[in-house]
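Visitor: Submitted below is the structure of interest, expressed as C-alpha cells.
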Amino acid sequence: MADNNPAYEALPADLKSKVLESVEHQGQVALRCKAADQRALLENFRLSQGYDFLVDVTAMDHLGKDTEERFEIVYVLRSLTANHTFRLHVWLDESDNAIPSVFDLWDSARWGERETHDMFGIVFEGNPDLRRFLMPEDYPAFPLLKDYPLKGKEERRQFPKVVARGDRMVEEEPDTYPTSIGRQMHTPEYIEEVRRDSKPRE
C-alpha cells in the first residue's frame with residue numbers, strides 16, 4: 001500500500017479490506033477494488049470523508065492484457081477543503097458490465113457516467129439519463145473498445161461530407177475513414193496529404 005494516503009487511512013477496517021492495492025504514480029495515489037465494493041467505498045469517501053468534488057469518471061479497456069478484469073473504471077475524487085486528490089480504480093467484468101451509478105453522491109457523475117457508457121458500453125445502473133452523449137442515439141457500437149476497428153464500421157457513410165465549392169456548400173461522398181485518426185496514428189492518405197500540402201506553392 002502507498003504510504004500516507006489520507007483516504008485509505010481514514011477507512012474503517014472492514015472497508016480497508018476491500019482495497020486490493022494502492023499505487024502511487026507522480027504524486028497521486030490510486031486505490032483499486034472490485035466492482036462489488038465500489039459503492040461502499042465511494043459512499044465512505046463522499047459521506048464520511050468529505051470528498052466533495054468528483055473530478056472525472058472514465059474507463060480503460062484492457063482487452064488482451066493479463067489483468068484482473070477487462071474493464072477498469074476510474075473515479076477521480078477531490079476534497080476541496082483538504083486539498084487532496086486521489087483515484088479509485090474499479091475492476092469490472094465484461095460479462096456483467098453494469099455498476100451502480102453515483103450521481104446521488106456527486107451530481108457531476110451524470111455526465112461522466114453518460115460519456116463512459118457512450119464510449120465503452122458500461123451501464124451505470126440508476127443513472128436517470130444514460131442516453132448517448134457524443135454518438136448518435138442509434139449508433140450500434142462503442143468506439144473506445146479495443147476491439148472496435150481502427151477504420152470504423154463504415155458508419156462515416158451515414159453522414160454526408162459537406163465542402164465549399166465557390167460560394168456554395170455541396171455534399172460529396174464521405175471518405176472511407178478519416179485520414180487523421182489521432183496523434184502519431186496517421187493513415188497513408190494523411191501522410192500523402194502532408195507531403196502534398198507542405199510543398200512550396202508557385
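Visitor: Taking 0.36 nm per intervening residue step and subtracting the Cα-Cα distance, what contour gain separates Ala36 from Val162 on full extension?
Guide: Between Ala36 and Val162, full extension yields an extra 40.6 nm.
Visitor: If I take R0 = 30 Å and measure r between the Cβ atoms of Arg78 and Glu171 in this structure, what FRET efficiency does the formula 1/(1 + (r/R0)^6) give, to the nearest 0.05?
Guide: That gives a FRET efficiency of 0.05.
Visitor: I want to check the label-to-label distance for Thr58 and Leu145. Put each point 7 Å from Cα in the C-beta direction and report it in nm to one decimal.
Guide: 2.0
Visitor: Could you calculate the FRET efficiency of Glu43 with Lys65 from 1/(1 + (r/R0)^6), where r is the beta carbon distance between them and R0 is 41 Å, rounded to 0.05?
Guide: Efficiency computed from Cβ-Cβ geometry: 0.85.
Visitor: Which of the lysines could a cross-linker span from Lys146 if the Cα-Cα distance has to be under 17 Å and same-chain partners fewer than 8 positions apart are dropped?
Guide: Lys65
Visitor: For the stretch 10-113, state which trypsin sites (Lys or Arg not before Pro) are in a DSSP loop and have at most 11 other beta carbons lying within 10 Å of their beta carbon.
Guide: Answer by residue number: Lys65.
Visitor: Just to confirm the filter: which GluC sites (Glu not before Pro) across the stretch 105-146 are DSSP coil and have at most 13 other Cβ within 10 angstrom of their Cβ?
Guide: When the GluC sites (Glu not before Pro) of the stretch 105-146 are filtered for loop state and at most 13 Cβ neighbours within 10 Å, Glu137 remain.
Each value in this text was obtained by applying a stated rule to the coordinates, not by laboratory testing. None of these values were measured; they are calculated from a predicted model. When we count neighbours, we look across all protein chains shown, and the Cβ atoms used for this are built from the backbone with ideal geometry, even at glycine.
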